[in-house]
Amino acid sequence: VASMKQQQGAAAPASIDEMRAGLDALVGYFRALDLPEGVEQTQALASGVPGFWFTPRAARADGAILYLHGGGYVMGSVATHRSLIGRIASASGVRCLALEYRLAPEHPFPAAIEDACAANRGLLAQGIAPAAVAILDPEGD
């Protein structure tokens, strides 16, 4: 709390690009971390939305985690959360689909929500039961 109070007088980022650069710098350490052993990352196109599958060895085929990275639908990416996503896949034994959904302000609301819904419909179209899809958004955006 004290740190936050000290920052109150600090200048706010002037642009969305500065905010994104700040997040990238903040999570730079995590980008360098390897995926857990036995987790494979592959490119995906989920109902037209680009993303990546994080698949642990011996993953269950009847379920999936739809992972929406943090950043308030304005910043962040799969790259900024890659290590965390890999660890979630490894610990759960379930493959995770992480989306590179469209970000605001370039793509105003509800673009990111539309991308997430489209990807979820794609998982269901693959025969995954609705109850077997967990949607994970670490920030509750």
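Structure notes:
- From the options Gly76, Gly93, Gly71, residue that is at positive phi, open to solvent by less than 50 Å² (accessible area, probe 1.4 Å) and touching a residue at least 60 places away in the same chain (Cβ under 8 Å): Gly71
- The criterion of at least 3 residues that are touching a helix residue (DSSP H, G or I) at 6+ places or on another chain (Cβ under 8 Å), farther than 21 Å from Gly28 by Cβ and modelled with pLDDT of 95 or more is met by the following strands (runs of 3 or more DSSP E) wholly inside the stretch 57-136: 60-67, 94-99.
- Options Leu123, Leu45, Leu99; residue that is free of Cβ contacts under 8 Å to residues at least 24 places away in the same chain and of a type in the set (A, V, I, L, M, F, W, C): Leu45
- Restricting the stretch 26-40 to residues that are open to solvent by 60 Å² or more (accessible area, probe 1.4 Å) and modelled with pLDDT of 80 or more, the residue that is farthest from the chain's Cα centre (by Cα): Glu37
- Here the condition is being surrounded by 17 or more Cβ atoms within 10 Å (Cβ to Cβ), more than 24 Å from Gly38 (Cβ to Cβ) and among the aliphatic types (A, V, I, L, M); of Leu66, Leu103, it holds for Leu103 alone.
The values are calculated or read from the model by the stated rules, or taken from the named source; none is laboratory data. These numbers come from a predicted model, not from an experiment. Note: ideal-geometry Cβ built from the backbone for every residue, glycine included; neighbour counts use all protein chains shown. Side chains are part of the model used for accessible areas, which takes the heavy atoms of the whole protein and leaves out ligands, DNA and RNA. Shrake-Rupley method; radii C 1.70, N 1.55, O 1.52, S 1.80 Å.
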